[in-house]
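Working notes, structure below.
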């Protein structure tokens, strides 16, 4: 009997009860290995709509209370579907961003006037230029500063977030090394906004999101882990099977600075929103018999054989 069948086991026809449980009890049962609330959707579009629904609710609630809605936002390409859904609602007259304040999560460093591919430019091109947000409500780290001024600038950036009441929500993607914003492996739980060297793997990912071969600057000014965790709600998104390994480490692994995203396990209102391919390595998808009774199809039998033959 051939047991090396893992390459033939594909993610298809996953029973709905394993990614969309009908009751809270069922959800509690199948997510027992997960340390961050995780919502799995069959498609990227459905995941983006779910996050947009919650953001819309928060924005409108803040407006009813007569206050601004404070958002931290990354600029990674995984957030684009969410931006597109929010833009659609603005264009339909369903949602206004006039009372929304945006804090860009990171900016590349060093930058000069010739640098076109800036984080804030990506954020504007994909989202901010298409909604009615006021220019004075957009804040971003300044990558053109002299290096000896960066530390004080970061201190002021932190102060401004707190002065405006703190972030209601922060929306982030995740890198293949578990980096969030540009907090690379080794970033501490108590890190605040600072200058950081960007890992080579992360720089390659950023180059792809640029859509060009322009060299990514070696450093970034980024919100720290403590800054991110200060947000009242956190959304972390990932789409596609290439993120499956790091999602498993983030959601089911131990809290470690080797996987900065794992620090979300310490937050009381963090949410991971992913599609089925990105969920492929989670226990409830890969080894569902460990969390609930299941129908033993040929596919599951082969999967179990591979699992226990290792």
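Before moving on, here are some points about what is shown:
- Summary of the geometry: the range 211-265 and the range 76-125, compared by the centres of their Cα atoms, lie 18 Å apart.
- Structure-based [θ]222 nm, the chain - -39500 (n - 2.57) summed over DSSP H runs of at least 4, per residue, nearest 500: -10000 deg cm²/dmol
- Potential lengthening of the chain between residue 163 and residue 112 amounts to 15.4 nm, from the contour at 0.36 nm per residue minus the alpha-carbon distance.
- Antiparallel bridges, percent of DSSP beta bridges restricted to the chain (to nearest 5): 30 percent
- Length gained on full extension, residue 267 to residue 45, computed as 0.36 nm times the residue gap minus the Cα-Cα distance: 77.3 nm.
- Degrees, to the nearest 10: 200-210 long Cα axis against longest axis of the chain: 70 degrees
- Shape of the range 179-282, Cα gyration tensor, a/c cut at 1.5: oblate
- The relative contact order of the range 34-281, computed from alpha carbon pairs under 8 Å that lie at least 6 residues apart in sequence, is 26 percent.
- Residue among 273, 116, 291 with the largest mean-square fluctuation in a Gaussian network model of the chain, springs linking Cα atoms under 10 Å: 116
- Identified option (computed Rg/Rh (Cα atoms, Kirkwood Rh); candidates (1) 0.95; (2) 1.03; (3) 0.99): (3)
- Distance from the alpha carbon centroid of the range 156-209 to that of the range 15-42 works out to 28 angstrom.
- Three-way shape label, the range 1-133, alpha-carbon gyration tensor, a/c 1.5: oblate
- Enclosed volume per residue, in Å³, of the convex hull spanned by Cα atoms of the range 217-258: 130 Å³
- To the nearest ten degrees, helix 147-163 and the longest principal axis of the Cα atoms of the chain are 80 degrees apart.
- Amide N proximity, the range 219-257 versus residue 151 label position 7 Å along Cα-to-Cβ, cut-off under 20 Å: 219-227
- Maximal additional length on extending the residue 189-residue 67 stretch stands at 40.9 nm, based on 0.36 nm per residue less the C-alpha distance.
We did not get these values from a lab; they are worked out from the coordinates using the rules stated. These numbers come from a predicted model, not from an experiment. FYI the Cβ positions are ideal-geometry reconstructions off the backbone, even for glycines, and counts take in every protein chain you see.
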